[in-house]
Amino acid sequence: MPYQFEDLKKSCQTEWQAYIEHSFVQQLGNASLAPEAFQHYLKQDYLFLIQFARAFALAAYKSPTLSDLRQAKQGLQAIVDVELDLHISYCKEWGISEQELAELPEARATLAYTRYVLDTGNRGDLLDLHVALSPCMVGYGEIANWLNSRAETIRGENNPYDAWIAMYESDEFQDAMQAEISWLNERLADVSPARFKELTRIFSDATRLEIDFWEMGLKQSD
Ligand SMILES: Cc1ncc(CO)c(N)n1
């Protein structure tokens, strides 16, 4: 049986579920999340996105084919020209100025996660890097879908976090998530059991670092 993305999730099911169904996510869905926790998260996510853009630049460098190079360029462009602008205006609505964002120190959870991804890409190949990136690309799309499937989730103007859910349920994000899964499925189909085992380590590490990112938001830790 060729390996598929689903097998990566199955290899760390407990951690994956703890990430997708984290209390930060549940509280965001039922509108009970403390605004301070959300603001802390938003600020750190700005710093996260900057490092995430660098990871796509690294993906360009690690691309053996023109098609991979184009894909990496598209990812970098989407973050720099669209996501970061959106994030900056969203932060403004939450009372966080661009000046404040520019001067923020990185929380340890942000440092750990982003540098882990960059280091994994540096020492490995494009597949290692994509596996390290996949919990972000796929996880947030799944989170939006999971929230929408729950009776406890409040949508619309009665939830101050509605726009956050809307961003990750959008066609743009869901399409990017599907594209990432397809790219991985194509590559995973050819890997050996030993190579797959290495990749499950990376996937599980990145998933655990996503859990820490939610914890950092909830506890407002720096
Ligand atoms: C920490 C984190 N993971 C994933 C995403 C989705 O892009 C994000 N914005 N932030």
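The number of residues in region 86-100 that are over 15 Å from Phe38 (Cα atoms) and among the charged types (D, E, K, R) comes to 2.
Residues are listed down the side, and each one gets a yes or a no for (1) aromatic (Phe, Trp, Tyr); (2) under 20 Å from Phe203 (Cα atoms); (3) at pLDDT 95 or above; (4) open to solvent by less than 60 Å² (accessible area, probe 1.4 Å):
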site	(1), (2), (3), (4)
Leu86	no, no, no, no
Glu93	no, no, yes, no
Ala107	no, no, yes, yes
Tyr116	yes, yes, yes, yes
Asp125	no, yes, yes, no
Ser134	no, yes, yes, yes
Gly141	no, yes, yes, yes
Glu152	no, no, yes, no
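Could you list, in sequence order, all residues of region 167-182 that are at pLDDT below 95 and among the hydrophobic types (A, V, I, L, M, F, W, C)? Selection gives Met167, Phe173, Ala176, Met177, Ala179.
Close Cβ contacts (under 6 Å, 6 or more residues apart or on different chains) running from residues in region 157-183 that are more than 15 Å from Gly141 (Cα to Cα) to residues that are at pLDDT 95 or above and within 15 Å of the ligand (Cβ to nearest atom) comprise Tyr161/Leu28. Taken over region 200-222, the criterion of being within 14 Å of the ligand (Cβ to nearest atom) and basic (Lys, Arg) is satisfied by Arg208 alone.
Name the single residue, out of those in region 18-38 being within 15 Å of the ligand (Cβ to nearest atom) and assigned to a helix (DSSP H, G or I), that is farthest from the chain's Cα centre (by Cα). Restricting to residues being within 15 Å of the ligand (Cβ to nearest atom) and assigned to a helix (DSSP H, G or I), the top hit is Ala37.
Scanning region 167-176 for residues that are more than 18 Å from Asp68 (Cβ to Cβ) and either within 12 Å of the ligand (Cβ to nearest atom) or surrounded by 13 or more Cβ atoms within 10 Å (Cβ to Cβ) (or both) yields Met167, Tyr168, Glu169, Ser170, Glu172, Phe173, Gln174. Pairing each residue of region 113-131 that is touching a residue at least 12 places away in the same chain (Cβ under 8 Å) with any residue that is acidic (Asp, Glu) and open to solvent by less than 20 Å² (accessible area, probe 1.4 Å), provided the two are 6+ apart or on different chains, yields C-beta distances under 6 Å for Thr120/Asp128.
Conditions (1) open to solvent by 30 Å² or more (accessible area, probe 1.4 Å); (2) over 19 Å from the mean Cα position of the chain (by Cα), marked per residue:
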{"residue": "Asp162", "(1), (2)": "yes, no"}
{"residue": "Ser182", "(1), (2)": "yes, no"}
{"residue": "Glu186", "(1), (2)": "yes, yes"}
{"residue": "Val191", "(1), (2)": "no, yes"}
{"residue": "Glu198", "(1), (2)": "yes, yes"}
{"residue": "Ile202", "(1), (2)": "no, no"}
{"residue": "Thr207", "(1), (2)": "no, no"}
{"residue": "Asp212", "(1), (2)": "yes, no"}
{"residue": "Leu218", "(1), (2)": "yes, no"}
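Hey, could you check region 61-77 for residues that are within 16 Å of the ligand (Cβ to nearest atom) and open to solvent by less than 40 Å² (accessible area, probe 1.4 Å) and say which is farthest from Ile50 (Cα to Cα)? Out of the qualifying residues, it is Ala72.
The values are calculated or read from the model by the stated rules, or taken from the named source; none is laboratory data. Everything numeric here is computed off the predicted structure, so don't read it as measured data. Note that each Cβ is placed from the backbone with ideal geometry, even for glycine, and that neighbours are counted across all protein chains shown. Each accessible area value is taken on the protein alone, full model and side chains, heavy atoms only, with ligands, DNA and RNA left out. Shrake-Rupley method; radii C 1.70, N 1.55, O 1.52, S 1.80 Å.
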